[in-house]
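The next block holds one structure in the form of structure tokens; read it before the comments.
Laboratory data are not the source of any read-out in this text; all were calculated from the coordinates shown. This structure is a prediction, so every number in the text was calculated from the model and none was measured. In this analysis, Cβ positions are derived from the backbone assuming ideal geometry, glycine residues included, and neighbour counts consider all displayed protein chains.
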There are 2 protein chains.
Amino acid sequence: MPGEFDLIAKYFSRPTPHAVLGVGDDCALIKPTPDMELAISTDMLIAGRHFMPSDGPGTIGHKAMAVNLSDLAAMGARPRYALLSIALPEADEKFLQGFAGGFFGLAQKHGVEVIGGDTTRGGLLTISVTIIGEVPPGQALRRDAAQAGDDIWVSGTLGDAAAALAHHQGKLRLETGQAVQCFPRLFVPSPRIELGLALRRIAHACIDVSDGFAADLGHILERSYVGADVWFEQLPLSDALLPLRDNPAVQDCVLAGGDDYELVFTAPVDKREQIESIGKKLDLRLTRAGQVTPLSLEGRGVKGEGEAADKAMRILHHGQPMLLDRSGFDHFGP
Amino acid sequence: MPGEFDLIAKYFSRPTPHAVLGVGDDCALIKPTPDMELAISTDMLIAGRHFMPSDGPGTIGHKAMAVNLSDLAAMGARPRYALLSIALPEADEKFLQGFAGGFFGLAQKHGVEVIGGDTTRGGLLTISVTIIGEVPPGQALRRDAAQAGDDIWVSGTLGDAAAALAHHQGKLRLETGQAVQCFPRLFVPSPRIELGLALRRIAHACIDVSDGFAADLGHILERSYVGADVWFEQLPLSDALLPLRDNPAVQDCVLAGGDDYELVFTAPVDKREQIESIGKKLDLRLTRAGQVTPLSLEGRGVKGEGEAADKAMRILHHGQPMLLDRSGFDHFGP
């Protein structure tokens with residue numbers, strides 16, 4: 001059986017032309033581009049929680065890179081480097097080969113060089129990725145920058161990934177054609193890197209939908225000390241989910257389903273034309289689905305992220321407030 | 001039970017005065033110091049493999065930060081930022097509190113700001129840390145820079161951590177006084193950050209002892225295309241292990257035991273005085289224990305890291321070659 005060093009060399013050592021020093025030393029070395037800020041994020045994926053071991057190694061590799069790229073997209077940062085740590089129950093070459101295919105395939109598509117990592121044997125397949133991107137000073141799309149009066153925009157469509165999962169779990173019945181449309185959203189999400197870059201100096205605040213639309217918009221509201229009105233009937237649904245729009249399980253997927261990795265962003269009203277032309281240029285649906293509101297006095301000072309966001313956000317269905325039975329995915333929630 | 005966001009906020013959100021943006025957005029933002037290179041490393045620690053769940057949360061937190069700092073020490077980089085991902089079987093507040101104490105305690109001692117992370121529920125306690133340091137261009141202490149004729153130096157003492165583990169496992173019998181000396185080396189290792197910084201422009205190549213002295217020196221030889229003679233009787237042993245120097249199990253700890261996190265480095269002969277004065281200044285034992293040799297033709301071109309290093313390195317005990325039955329810790333070895 002090949003040793004750790006052989007496996008790393010074989011599957012995880014790829015050219016890193018922009019790094020001063022790539023995989024193989026105690027640290028990697030990079031020379032940051034002068035006058036750029038670095039955007040850095042890390043995500044850990046665990047078998048049985050963030051993916052199923054049966055998902056297929058290429059799919060797992062793709063997703064591990066995609067969820068990290070999505071964090072850069074949400075900041076408007078250009079991807080540059082990544083580090084990959086992986087704990088494997090056993091040194092399974094076939095898995096590593098497939099995983100590396102998915103992981104490096106998406107990395108290369110976005111110009112990411114994998115400059116370091118760690119491979120170890122563990123009881124449960126666990127993947128931890130750190131990603132590094134660049135953004136000009138002051139241009140990062142932060143959660144705390146939404147302003148009352150901003151439009152609320154959503155990219156792509158919402159709920160497909162969650163609907164696929166619900167279908168798989170027997171909680172929702174999709175027709176075959178609908179399932180075929182939804183499953184790729186769950187297994188091979190597309191991080192909206194190009195959109196994030198295009199939104200620099202146009203959007204105010206931005207976040208990617210990983211915990212669910214309502215929860216993630218809630219993070220923006222919480223950080224920006226603002227409220228929001230969301231028009232449920234305007235939220236973008238795929239052709240697959242549109243006929244099921246009145247199904248409460250589907251409404252739950254749309255509002256509270258994670259794993260879509262679309263961007264939710266706020267922008268001033270006078271940027272509407274520019275945003276619409278970005279959507280056309282990128283061939284990506286961009287939908288205006290709400291408005292940022294001033295936070296009422298009662299909303300201020302409420303302890304607890306969820307509570308404050310709940311009070312600050314109204315989701316309206318044809319003008320009537322909707323009630324949500326859950327507002328996102330909390331890994332340690334009750 | 002508090003949710004993920006509450007737990008993160010309570011234990012893992014600390015001030016990050018040098019970062020543009022710390023924990024709480026999709027990414028952290030940092031402004032790199034102009035004209036510095038960034039040294040970046042990541043390490044994953046898994047319960048039962050890199051630590052025991054019974055080790056105590058503060059100890060586990062300390063070690064998770066220490067092994068990452070040690071990678072920066074080995075590059076001569078100044079610690080700046082870290083990201084922490086942690087998978088927990090359950091949201092155990094007492095564990096998180098203790099862990100954070102050990103982790104942030106050591107981070108603060110070395111000026112490290114924790115700018116991001118990820119917390120999730122998982123079946124096995126797993127910790128992944130990414131660390132970022134700074135080093136002036138061209139001054140990083142790389143593995144590939146050893147030159148024939150260099151002295152080989154070791155900081156501190158070797159084998160204590162492995163001896164403590166062997167004692168714990170019943171493979172080696174230490175007296176109580178010896179065990180008391182060795183156990184802290186296993187549980188609360190001291191990364192040699194100050195030494196790494198002092199060795200810039202003095203040492204040629206450097207590595208930290210995490211896999212074992214012979215294996216880690218082997219990495220330098222492999223990358224630098226050189227050989228080495230090591231004088232076993234010169235290798236630095238603690239007062240605890242010195243009386244046991246002829247015990248083969250102890251010799252194994254000294255040569256092949258990991259987890260010491262000392263630095264092994266090579267330096268030109270004309271730097272001896274400077275290195276000795278660094279040792280005095282830092283109150284840290286620095287021992288010259290071998291010499292880098294030209295690689296014989298037979299050593300070149302051998303496939304496989306271990307094999308080439310085995311051929312390139314001679315460990316001499318009073319002039320006689322010693323045989324090693326293992327050369328380090330390979331997580332996927334046979």
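Structure notes:
- Net charge dipole size for the protein assembly as shown [Lys, Arg +1 and Asp, Glu -1 on Cβ; Debye, nearest 20]: 640
- Region B:126-199 and region A:122-162 have their alpha-carbon centroids 38 Å apart.
- For region B:151-322, convex hull of alpha carbons as volume per residue, Å³: 115
- Of B:Thr120, B:Pro268, B:Thr157, farthest towards positive along the dipole that unit charges on Lys, Arg, Asp, Glu beta carbons give chain B: B:Pro268
- Each principal axis of the Cα cloud of region B:4-135 was evaluated for its coordinate range; sorted largest first, these ranges are 43, 30, 22 Å.
- Percentage relative contact order, chain B, counting C-alpha pairs under 8 Å, at least six apart: 21
- For A:Phe51, the shell of other residues with beta-carbons less than 11 Å away shows a net charge of 0, using +1 for Lys and Arg and -1 for Asp and Glu.
- Residues A:Arg121, A:Arg223, A:Arg201 arranged by fewest to most Cβ contacts within 10 Å: A:Arg201, A:Arg121, A:Arg223
- Rounded to the nearest 20 debye, the dipole magnitude of chain A is 440 debye, with +1 charges on Lys and Arg beta carbons, -1 on Asp and Glu beta carbons, and the Cα centre as origin.
- The fewest-to-most ranking of A:Glu113, A:Glu194 by surrounding Cβ atoms within 10 Å reads A:Glu194, A:Glu113.
- Taking Cα centre as origin and charging only the Cβ of basic (Lys, Arg, +1) and acidic (Asp, Glu, -1) residues, the dipole magnitude of region B:4-135 rounds to 340 debye.
- Within region B:184-209: backbone nitrogen closer than 16 Å to the B:Asp229 label point (7 Å, Cα to C-beta): none
- Look at A:Lys109, B:Lys63 and count the other Cβ atoms within 10 Å of each Cβ; fewest to most, that gives A:Lys109, B:Lys63.
- Nearest-first distances (nm) between copies at B:Ile202, label 7 Å from Cα via Cβ: 5.5
- As a calculated quantity, the FRET efficiency between A:Ser54 and A:Val188 at R0 = 22 Å, using C-beta atoms, amounts to about 0.90.
- Expressed as a whole percent, the proportion of Cα-Cα pairs in chain A lying more than 28 Å apart is 43%.
- In angstrom, the C-alpha Rg and Dmax of the protein assembly as shown are 26.5, 89.
- Choice from B:Asp270, B:Asp71, B:Asp144 with maximal GNM fluctuation in chain B (Cα, 10 Å cutoff): B:Asp270
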